[in-house]
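The values are calculated or read from the model by the stated rules, or taken from the named source; none is laboratory data. Keep in mind that what you see is a predicted model, and the values were worked out from it rather than measured. Every residue, glycine among them, receives a Cβ derived from its backbone with ideal geometry; neighbour counts consider all protein chains shown. Each accessible area value is taken on the protein alone, full model and side chains, heavy atoms only, with ligands, DNA and RNA left out. Shrake-Rupley method; radii C 1.70, N 1.55, O 1.52, S 1.80 Å.
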Amino acid sequence: MTNELRDRTVLVTGASAGIGRATAAQLASMGARVLLASRSRERGEAARASIAERVPGASTELLLADLASQDGVRSLAAQVLTATDRLDVLINNAGVFTRGYQATPDGLETQFAVNHLAPFLLTNLLRERLAESAPARVITVSSEAHKRGRIDFDDLQGKERYNGLKAYAQSKLANLLFNRELARRLGGTGVTSNALHPGVVATGLLFDSFRPLKLLRPLLRTPEQAARTTICLAAAPALERLTGLYFIDCEPARPSVAARDDAAARRLWQISAELTGIDGRG
Ligand SMILES: NC(=O)c1ccc[n+]([C@@H]2O[C@H](COP(=O)([O-])OP(=O)(O)OC[C@H]3O[C@@H](n4cnc5c(N)ncnc54)[C@H](OP(=O)(O)O)[C@@H]3O)[C@@H](O)[C@H]2O)c1
């Protein structure tokens, strides 16, 4: 175990599987105290056990919450605030792809809710604790799929005509607009916000919906390889002051024109604040 992140507390959402689990393991191996957020006790405990096996002395705790519901996000934030006086890094990693339209308990479209609104609400609920822990970092796992995305402000929930791929791309574009606006709002607080693309990765997110892609597994990244950019953003001293950027392979990358639209970022922030009931002015 290296000690680069000793005394740092990191929250990883979607830590039960895929890139999130690999990220949590690497953070633990660097000495961080890692809070693993999972919606399933069974899968969360399995992730903890596999980390303990690989990283003797790992400091991990399991927090349970289904991020599809806003009550679930609020419960996760409350658990974090109880569990820790400091939060150095928040990693918004949990994500989902659904081919067909699925509604959340709040009546919202699932990919928009889990991939965008959950990080939006969670980050806002933890913002004060992050600021108290400054220098602190918020990291949001987006995707190059954002380049096929468009924010359909007239039909954000895809109720008119649903297309799973379009909704996924929209949610990943929303991640980047959120990242941009958050960085602006966090200016001067010592808390940075950056987003990333992890590569095309052999995980359930891809294989559960596109089975034939399993044949390409040897060409895809492993979750451990994919976690690298998240780890850079969480730990690299050189990145401490960079904010509002999008990274691929630990390097700043240029997102789409739509992802650099400040007016759209502000508009999406306001709508997201209304949908989650938080004060959108801060
Ligand atoms: N795989 C790729 O090629 C790729 C490419 C670009 C970006 N990404 C992004 O990378 C991130 C991680 O994806 P992955 O590939 O590692 O997928 P994954 O293996 O399917 O893992 C997704 C994680 O998110 C959790 N999650 C999903 N819905 C949730 C909910 N309602 N509440 C709480 N947790 C929930 C899952 O929990 P369960 O174990 O309970 O399902 C799992 O831990 C996502 O944001 C994804 O968009 C992936």
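Summary table below
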item	result
Selected from 215, 108, 182 as most flexible by GNM, with the chain as the system and alpha-carbon contacts under 10 Å	215
Net charge of Cβ neighbours under 11 Å - reference residue 164; Lys, Arg +1; Asp, Glu -1	+1
Mean Cα-pair separation over length for region 69-227, i.e. relative contact order, pairs under 8 Å, 6 or more apart, %	25
Helical segments meeting 15 Å axial Cα length and Kyte-Doolittle 0.0 threshold in the chain (DSSP H)	18-29, 70-83, 118-132, 223-235
Spacing of the two label points (7 Å from each Cα toward its C-beta) at residue 43 and residue 2, in nm	3.0
Gaussian network model of the chain, springs between alpha carbon atoms under 10 Å - residue of 147, 166, 214 with greatest fluctuation	214
Label point distance in nm, residue 50-residue 224, each placed 7 Å from Cα along Cα→Cβ	1.1
Sequence-distant residues sharing a close amide H with residue 247 (under 5 Å, placed H)	195, 196, 197, 253
Tensor-based shape of the chain (alpha-carbon gyration tensor, a/c under 1.5 rounded, otherwise prolate or oblate)	rounded
Additional length obtainable on full extension of the chain from residue 210 to residue 249, 0.36 nm per residue less Cα span	11.6 nm
Under the Karplus curve 6.51 cos²θ - 1.76 cosθ + 1.60, θ = phi - 60°, whole-Hz ³J(HN,Hα) for region 139-151, x wherever Gly or Pro sits	10, 10, 7, 9, 6, 5, 4, 4, 5, 9, x, 8, 7
Carbon + sulfur, % of accessible area of the chain - ligands and nucleic acids excluded, 1.4 Å	49
DSSP-defined beta bridges in the chain - what % are antiparallel, rounded to 5	10
Region 7-17 - phi-based ³J(HN,Hα) in whole Hz, Karplus 6.51/-1.76/1.60, Gly and Pro as x	6, 9, 10, 10, 9, 10, 8, x, 8, 7, 7
Loop-resident sites, region 1-109, for trypsin sites (Lys or Arg not before Pro), counting at most 15 other Cβ within 10 Å (DSSP)	6, 86, 99
Label-point separation, residue 267 to residue 64 (7 Å along Cα→Cβ), nm	4.2
Cubic angstrom per residue, convex hull over Cα atoms of region 1-145	108
Cβ-defined net charge surrounding residue 184, 11 Å radius [Lys, Arg +1; Asp, Glu -1]	+1
Relative contact order of the chain, pairs being alpha-carbon contacts under 8 Å that are 6 or more residues apart, as %	17
